[in-house]
1. What ranking do 85-94, 113-122 get when scored by the average of other Cβ atoms within 10 Å per residue, highest first?
2. For n ≥ 4 DSSP H runs only, could you compute -39500 (n - 2.57) per run for the chain, divide by its residues and tell me the 222 nm figure to the nearest 500?
3. Helix 325-363 sits at what angle to the longest principal axis of the chain, using alpha carbons and giving 0 to 90 degrees rounded to 10?
4. In degrees between 0 and 90, to the nearest 10, how far off the longest principal axis of the chain does helix 108-117 point, with axes built from Cα atoms?
5. Could I have the simple spin-label model distance between Asp18 and Lys231, label points 7 Å from Cα toward Cβ, reported in nm to one decimal?
6. Taking the Cα-to-Cβ direction at Ile199 and at Ala115 and moving 7 Å from each Cα, how far apart do the two end points lie in nm?
7. Against the longest principal axis of the chain, how steep is helix 233-264, in degrees 0 to 90 to the nearest 10, with axes from Cα atoms?
8. Subtracting the Cα-Cα distance from 0.36 nm times the residue separation, let me have the gained length for Ala186 to Val314 in nm, one decimal.
Amino acid sequence: MTTATERRGWIEHWDPEDEGFWASTGRKIANRNLWFSILTEHIGFSIWSLMSVMVLFMGTPYHISAGDKFLLTSAATLVGSGMRIPYNFAVAKFGGRNWTIISALLLLIPTITAAFVMKPGTSFGVFLVLAILCGFGGGNFASSMTNINTFFPEKAKGMALGLNAGGGNLGVAVVQLVGLLIIATAGTSAPRIMLAVYIPLVVIAAACAALFMDNISSVRNDRKGMREVMKDAHCWVMSFLYIGTFGSFIGYSFAFGLVLQNQFGRTPLQAAAVTFLGPLLGSLSRPAGGWLADRIGGGKVTFWNFVGMAVMTVLLVIASDVKSLGLFTTAFVVLFVLTGVGNGSTYKMIPSIFKAKARAAIAAGADETAELLRARKLSGALIGLAGAIGAFGGVLINVAFRQAFSAAKSGVPAFVGFLVFYGLCFVVTWVVYLRKSAAPVSEKGLALAGAQV
């Protein structure tokens, strides 16, 4: 049995696959880092989603059109997606604890800026800059997931990554719930109250990361992992699937309130009263997706999840045509739940892919320690890359809605496009990860290492 050795915030030895080490030392340290990682990621998601709430405060005095509001949410989504790539590299460069502190403090830039500019008379260009600054919050997810992936053994990754991501995703629902409470009590003229809530929370998150989190030395040298993983075809398959799961979650989270306002004529308060439910349930269902993937296989869960998402999208088209607000809202909320389940199952698939490949290499005579370390490095790199690419799906969703409402005054054309995409996703999942002939190596029903893609 070995123990972790620490040096000024850096853990020199970390081997979570050693059961003795995990039971005596690793589990406690890993769980501590997980909970404080969730805190910072949660607030990061809230700030990333801030513009989706701020547009609900932008009534007639702001002179911002519906199309421009979708553009603001698209800008925040786009920048947040792009920020995930450098944030992923930052963990290896600075250390997980150190970068969590820095990334938390960066959230002060958009929140303080919003406190100054959220008022009628501010130009659209300034609001666009604010939306871009809110994108800083989108990067926290990639660095947090990459960092937490290194702390846990393969058998616990599904639940750990699900909790980390789900707790972070809850930031979307919470910021929308805070917005609802403010609109219901103080009206649409008091958006600055939100900043009075979140600026102190950002400072608290940074302080907690400094006091309670750790860096792992072995991660410091993983900077080439991104280039290496990009040569693996599974990288692009998983990124494509993650566009369908997380891209849908974040895209719908930003757009849900605007869709209700524009398609069903809901007021800001009426829209806000429903908007938070989808992200809330989608966040809570993410750990369930990881848990299911741990037990029955990520590929199976992901396949049937995309089938369910396609069915819900059909119901959204029907509800739009018959103008049924009840059916539309119910189908949309269930769709959110499925995006959460799919988020958890796809992220569970990533470390499983490289673990299975490592086992195949070890069976062929490769060094066990080196192969398992390489598997952790590559899975961490892909988690960051897939998170960035997947988030671009949120941009596409908001752009699709903007075009649909501009051209057809309805979201139906956008939903039809989403339906086609979900169909492609479940076909790809079956072809690559579920066909028995596709891969001789299988782990809990998820065909992995030998798949030829």
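The values are calculated or read from the model by the stated rules, or taken from the named source; none is laboratory data. Predicted model only: the values in this text are computed from it and were never measured. Cβ: placed from backbone, ideal geometry, glycine included. Neighbour counts: every protein chain shown. These area figures cover heavy atoms from the full protein model, side chains too; ligands, DNA and RNA do not enter into them. Shrake-Rupley method; radii C 1.70, N 1.55, O 1.52, S 1.80 Å.
1. Numbers: 85-94: 21.5, 113-122: 15.1.
Output ranking for 85-94, 113-122: 85-94, 113-122.
2. -26500 deg cm²/dmol
3. Long axis of 325-363 versus the principal axis of the chain: about 20 degrees.
4. In the chain, helix 108-117 runs at an angle near 0 degrees to the longest axis.
5. Once both label points are built, they end up 3.0 nm from each other.
6. The answer from the label model is 0.1 nm.
7. Taking the Cα atoms of the chain, the angle to 233-264 is about 20 degrees.
8. 42.3 nm
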